[in-house]
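K.L.:
Just dropping this structure here.
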Amino acid sequence: MTLLDVTLQIFRYKPGEQPHYDTFTVQVEDTAHVIDAIDKVWAEHDHTLTFRRACHHSSCGSCALRINGVEKLPCIARFSEVWDGHSPLRLDPLRNFPIVSDLVVDVSGFFQRMSASTMTITRDAESTLPLSVDDLAAVVQPKAVELPDNLTRFNRFENCIECGICMSACPTMAVDNKFMGPAGLAAIYRACQKTDDPNEKAHLLALANGEHGVWRCHSAFECTEACPQAVDPAGKIMALRREITANRFKKTRRS
Amino acid sequence: MANLEYPKVRRAGRWFDVRRRKLGMWAYALNRITGIGLVVYLYLHLAVLSLLLRGPRSWDSFVSLARAPYFLALDVILLAGILIHGLNGLRVTLTGFDVGVKAQKALFGALMLVAVVALGVAALMIFGG
Amino acid sequence: MENPFAQEPRASSSWLWQVITGVGLVLLLGLHFIANHFIAKGGLRDFADVVAYLRSPIILVLEVLFLVVVATHAMLGMRALLLDFGLSERAERRLSQALTAVGVLTVGYGLWLTWVIIH
């Protein structure tokens, strides 16, 4: 087993201070992932480094950030894959989110969007927490999830781990604060697939049909490229467009 | 809670950052840039056509200007903008209705190839007289 | 306060019209090119030729249609770009109105120009 000396150039920001990069060198095993190096920087060099991490196996979506400008999950990014062996590795927070501190971004706007299609499952305690700095800040009222009589809990099956990488990669999210975003729209598509209720479906499609819904997408496909879980948000957006347009023609034909 | 937010004007320019982006992003940036160029051209063209109001002498002298090589070169650039914008626009239309989404990169490549060939043929015709 | 993303927004047809006019332009621009640069001798028309060209009823219809479709497509395109400036809902509506006005003026100017040339 070989040891690597890696240099990380990490974006730093504390409220009231100028953003800048700090450089750290740590030693990790050659099979290590980038998150392990970030952990070491915190442990060995700077306890003020702020970052998110949890599961270490691309299931929670917490650690998402940019490695050399490209969105990735550092918990599954091996140094052999992302590092050229000598240059410093640059770490930046996700784009298109307000930055809280260092590598941590404010994701409340993100969860607002996901809640619109009720794809998030929020526990009672969480539903009373105030959301923050986005100028569209609101307190989310989650819809009560009704279970059939013989069930006490259920598993959701979908690929999305709500990491926010697609939102960071999207050029429309970069300019439009009201855009539902690839994650939000993919969630609407998924919610449409899961329901048999035509009214619910109509409501979901209506959510996506606005000026800042599916129609703002410029077909850059960056979201699908960047997604670590093969959600294919761009494909879902196009599928939604097709369904919305088909419904429109059906309506005009009937009338 | 403090945060780093970008002012509106700076944020509006952020679509332009194509560094380390993939093909679809380049296509989008190209379409937007050619689109802006073509809008400028639209009004330029209307302004030029207004020379017709001044009668035959003004217009005909413009026409002889329009045959000069540098002018023809500008025409070729214009045509390049039209072909890129139009053909990529077809890709946006198709994928936007969920047609050919999985092949969107190949579609871009194929259509840009058509654009290059068409431009080549057109340049030959324009400069060939 | 409600979640703004959970409110059903007004349906938008602008993208649909953008692609319809776009596809229309592939056809109309093609015809415009053929009529102006392939049929005309030497690829460009002198003054007398232009007048004769515009006096043909089929050509007139083609060029007017072309003008309307291209102005619509251009205005919709500019609108898509300007929406990136993070405008309020009211500002967005004002923008749409302003661009409609510019479009109408553009078409109007083209029609007036054509009229004067023919006569």
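K.L.:
Report the semi-axes of the equivalent ellipsoid for the stretch A:3-104 in whole Å, largest first, where each axis is √(5λ) for an eigenvalue λ of the Cα gyration tensor. The partial results should precede the final answer.
P.N.:
Working: eigenvalues 79, 49, 32 Å².
Semi-axes from the Cα gyration tensor: 20, 16, 13 Å.
K.L.:
Can you give me the distance in nm between label points at A:Phe249 and B:Leu90, each placed 7 Å from the Cα along the Cα-to-Cβ direction?
P.N.:
Taking the simple label geometry, A:Phe249 and B:Leu90 are separated by 2.0 nm.
K.L.:
Which one, B:Leu30, B:Leu53, B:Leu38, has the greatest fluctuation when you compute a Gaussian network model over chain B with C-alpha springs under 10 angstrom?
P.N.:
In the Gaussian network model the winner is B:Leu53.
K.L.:
Roughly speaking, what is the stretch gain from B:Trp26 to B:Val117, that is 0.36 nm per residue apart minus the C-alpha to C-alpha distance, in nm to one decimal? Don't jump to the answer; show the numbers that get you there.
P.N.:
Details: separation 91, 0.36 × 91 = 32.76 nm, distance 2.01 nm.
Extra length from B:Trp26 to B:Val117 when fully extended: 30.7 nm.
K.L.:
Let me ask something additional. What residues from the stretch C:78-119 fall in the zone where the backbone N is under 16 Å from a label point 7 Å along the Cα-to-C-beta line of C:Ala52?
P.N.:
C:118
K.L.:
Can I ask one more? Between B:Leu124 and C:Leu82, what is the label-to-label distance in nm when each label sits 7 Å out along the Cα-to-Cβ direction?
P.N.:
In this crude spin-label approximation the distance works out to 4.4 nm.
K.L.:
Right, here's the next one. Select from chain B the helices, each a whole stretch of DSSP H, whose alpha-carbon atoms run 30 Å or more along the helix axis and whose Kyte-Doolittle mean is at least 1.0; answer none if there are none.
P.N.:
Membrane-span-like by this rule: B:23-49, B:69-96, B:104-128.
K.L.:
Return the whole-Å distance between the Cα centroid of the stretch B:74-129 and the Cα centroid of the stretch C:54-119.
P.N.:
The stretch B:74-129 and the stretch C:54-119 have Cα centres separated by 24 Å.
K.L.:
May I pose another question? Name the residues whose placed amide hydrogens come within less than 5 Å of the amide hydrogen of A:Leu65, ignoring near sequence neighbours (fewer than 5 apart) on the same chain.
P.N.:
Close amide H contacts, sequence-distant or interchain: A:Lys72.
K.L.:
Continuing with this model, one more query. Given charges of +1 on the Cβ of Lys and Arg and -1 on the Cβ of Asp and Glu, with all other atoms neutral, how large is the dipole of the stretch C:14-118 about its Cα centre, in debye to the nearest 20?
P.N.:
Values: 7 positive and 6 negative charges, 21 e Å.
The dipole of the stretch C:14-118 has a size of about 100 debye.
K.L.:
For the protein assembly as shown, with only Lys/Arg (+1) and Asp/Glu (-1) charged at the beta-carbon, what is the dipole magnitude about the Cα centre, in debye rounded to 20?
P.N.:
Numbers: 51 positive and 45 negative charges, 378 e Å.
With Lys and Arg at +1 and Asp and Glu at -1, about 1820 debye.
K.L.:
A follow-up question, please. Which whole number gives the average, over all residues in A:207-213, of C-beta atoms from other chains lying within 10 Å of the residue C-beta?
P.N.:
On the way: counts 5, 2, 6, 7, 12, 6, 4.
That average works out to 6.
K.L.:
Could you pull out every residue, at least 5 positions away or on a different chain, whose amide H is within less than 5 Å of the one on A:Ser219? Hs are placed 1.01 Å off N in the peptide plane, and Pro or chain starts have none.
P.N.:
It is none; the list stays empty.
K.L.:
Please report the equivalent ellipsoid semi-axes of the protein assembly as shown, computed as sqrt(5 x eigenvalue) of the Cα gyration tensor, largest first, in whole Å.
P.N.:
So the three semi-axes of the protein assembly as shown are 49, 28, 20 Å.
K.L.:
Check the cysteines of the protein assembly as shown one by one and keep only those with no other cysteine Cβ under 4.7 Å from their own.
P.N.:
A:Cys63, A:Cys75, A:Cys160, A:Cys163, A:Cys170, A:Cys192, A:Cys217, A:Cys227
K.L.:
Over 14 Å apart: what share of the alpha carbon pairs of the stretch C:32-98 falls there, rounded to a whole percent?
P.N.:
Values: 1523 of 2211 pairs.
Result for the distance tail: 69 percent.
K.L.:
Calculate the all-directions average of the projected area of chain C's alpha-carbon convex hull, and give it in nm². It would help to have the intermediate numbers written out before the result.
P.N.:
Numbers: hull surface 37.6 nm².
For chain C, averaging the hull's shadow over all directions gives 9.4 nm².
K.L.:
Among rounded, prolate and oblate, which fits chain B when a ≥ b ≥ c are the square roots of the eigenvalues of its C-alpha gyration tensor, a/c under 1.5 means rounded, and a/b larger than b/c means prolate? List each step's numbers first, then the result.
P.N.:
On the way: a/c = 2.84, a/b = 1.55, b/c = 1.83.
Oblate, because a/c is 1.5 or more while a/b does not exceed b/c.
K.L.:
Follow-up question, since we're still on this one. What distance in nm separates the two pseudo spin-label positions at C:Trp17 and B:Leu51, each 7 Å out from Cα along the beta-carbon direction?
P.N.:
Going from the C:Trp17 label point to the B:Leu51 one covers 3.4 nm.
K.L.:
Can you put A:His47, A:His33 in order, fewest other beta carbons within 10 Å first?
P.N.:
Numbers: A:His47 9, A:His33 22.
If I rank by nearby Cβ atoms, fewest first, I get A:His47, A:His33.
K.L.:
Let me ask something else. Treat the count of other C-beta atoms within 10 Å as a stand-in for reagent exposure and order A:Met173, C:Met78, A:Met1, B:Met25 from fewest to most.
P.N.:
Placing the least packed residue first, the sequence is A:Met1, C:Met78, B:Met25, A:Met173.
K.L.:
Now for a separate question. Which ordering of A:Leu204, C:Leu27 is given by a fewest-first count of other beta-carbon atoms within 10 Å? List each step's numbers first, then the result.
P.N.:
Details: A:Leu204 25, C:Leu27 12.
Sorted ascending by nearby Cβ count, the order is C:Leu27, A:Leu204.
K.L.:
Something else about it: Using amide H atoms built in the peptide plane, which far-off residues or other-chain residues are under 5 Å from B:Ala103 H to H?
P.N.:
none
K.L.:
What is the dipole size for the stretch B:21-128, taken about its Cα centre, with +1 at each Lys and Arg Cβ and -1 at each Asp and Glu Cβ, in debye to the nearest 20? Don't jump to the answer; show the numbers that get you there.
P.N.:
On the way: 9 positive and 3 negative charges, 59 e Å.
So the magnitude is around 280 debye.
K.L.:
Right, here's the next one. With runs of 4+ DSSP H residues as the only contributors, calculate the mean residue ellipticity of chain C at 222 nm using -39,500 (n - 2.57) per run, divided by the residue total and rounded to the nearest 500.
P.N.:
Working: 4 runs with 85 residues, N = 119.
Calculated mean residue ellipticity at 222 nm is -25000 deg cm²/dmol.
K.L.:
A further question on this structure: Just tell me how shielded B:56-64 is by partners: mean number of partner chain Cβ atoms within 10 Å of each residue's Cβ, no decimals. Don't jump to the answer; show the numbers that get you there.
P.N.:
Numbers: counts 5, 1, 1, 8, 7, 0, 3, 7, 2.
Shielding by partners across B:56-64 averages 4.
K.L.:
Compare C:Ile59, C:Ile20, C:Ile39 in a GNM of chain C, Cα atoms joined below 10 Å, and give the one with the largest fluctuation.
P.N.:
Ranking C:Ile59, C:Ile20, C:Ile39 by mean-square fluctuation puts C:Ile39 first.
Here, each number is a calculation from the coordinates, and none is a lab measurement. Fair warning: this is a prediction, and the values are worked out from it, not measured in the lab. Note that each Cβ is placed from the backbone with ideal geometry, even for glycine, and that neighbours are counted across all protein chains shown.
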